[in-house]
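Novice: Sharing a structure with you now.
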Amino acid sequence: QVQLVESGGGSVQAGGSLRLSCVVSRSAFRFNAMSWYRQTPGKQRELVAVVTPGGTTNYVESVKGRFTITRDNAENRVYLQMSSLKPEDTAVYYCNTNVRGMDYWGKGTLVTVSS
């Protein structure tokens, strides 16, 4: 069973920064892409960023240049560094990985950006 635990959310003013962290329970972490999603009430969960096992990254257009996803394969951790935060970044952020066709999610961490 794969378990993911996020941390690092909180409240910040617009223009501020936060770093989210996700620790994954499984050693096979190093072979799987890791992603961060976010969701606000009444909306679908949105893919924010993804990092492949080799370190290739991709981002949703709205966060390019502001967010950076990285992974530490030795620590089974993935990070999301968020800078120049905007009120529209307010959401619950979820860590995700897909192992042999099955999606695994953390419980999420809330990020609130005030104007």
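Novice: HN-Hα J couplings of the stretch 61-71 from phi, Karplus 6.51/-1.76/1.60, θ = phi - 60°, integer Hz, Gly and Pro as x?
Specialist: Ordered by residue, 3J(HN,Hα) equals 4, 5, 10, 4, x, 10, 10, 9, 9, 9, 9 Hz.
Novice: Then there is this: Using a 1.4 Å probe on the protein heavy atoms only, what accessible surface does VAL111 show? Give it in Å² to the nearest 10.
Specialist: 0
Novice: Roughly how many Å² is the accessible area per residue of the chain, as a whole number, for a 1.4 Å probe?
Specialist: Per residue, the chain has an accessible area of 54 Å².
Novice: Show PHE31, PHE67 ordered by accessible area, largest first, where the area counts protein heavy atoms only and the probe is 1.4 Å.
Specialist: Of PHE31, PHE67, the descending order of accessible area is PHE31, PHE67.
Novice: Ratio of alpha-carbon Rg to the 2.2 N^0.38 Å globular estimate for the stretch 1-64, to two decimals, please.
Specialist: Normalised by 2.2 N^0.38 Å, the Cα Rg of the stretch 1-64 equals 1.26.
Novice: Quick check: Cα centre of the stretch 6-55 to Cα centre of the stretch 84-105, how many Å?
Specialist: 5
Novice: When the scattering of the stretch 34-80 is computed by the Debye formula from its Cα atoms alone, each counted once and equally, what is log10 I(q)/I(0) at q = 0.20 Å⁻¹?
Specialist: -0.66
Novice: Given Cα pairs under 8 Å that are at least 6 residues apart, what percent is the relative contact order of the chain?
Specialist: 36
Novice: Which trypsin sites (Lys or Arg not before Pro) does the stretch 16-115 hold that lie in a coil by DSSP with at most 14 other beta carbons within 10 Å?
Specialist: Passing sites in the stretch 16-115 are LYS43, LYS64, ARG100, LYS107.
Novice: So, how do all the Cα-to-Cα distances of the chain break down into 10 Å bins, in percent, from 0 on up?
Specialist: In whole percents, the pair-distance histogram is 15, 50, 29, 6, 0.
Novice: In whole percent, and with a 1.4 Å probe on the protein chains, what portion of the accessible area of the stretch 62-115 is carbon and sulfur?
Specialist: The C+S portion of the solvent-accessible surface of the stretch 62-115 is 48 percent.
The values are calculated or read from the model by the stated rules, or taken from the named source; none is laboratory data. Only a predicted model underlies this, so the values are computations on that prediction, with no experimental measurement involved. Positions of Cβ are generated from backbone atoms using ideal geometry, with glycine treated the same way; all protein chains shown enter the neighbour counts. Heavy atoms of the whole protein, side chains included, go into the accessibility calculation; ligands, DNA and RNA do not. Shrake-Rupley method; radii C 1.70, N 1.55, O 1.52, S 1.80 Å.
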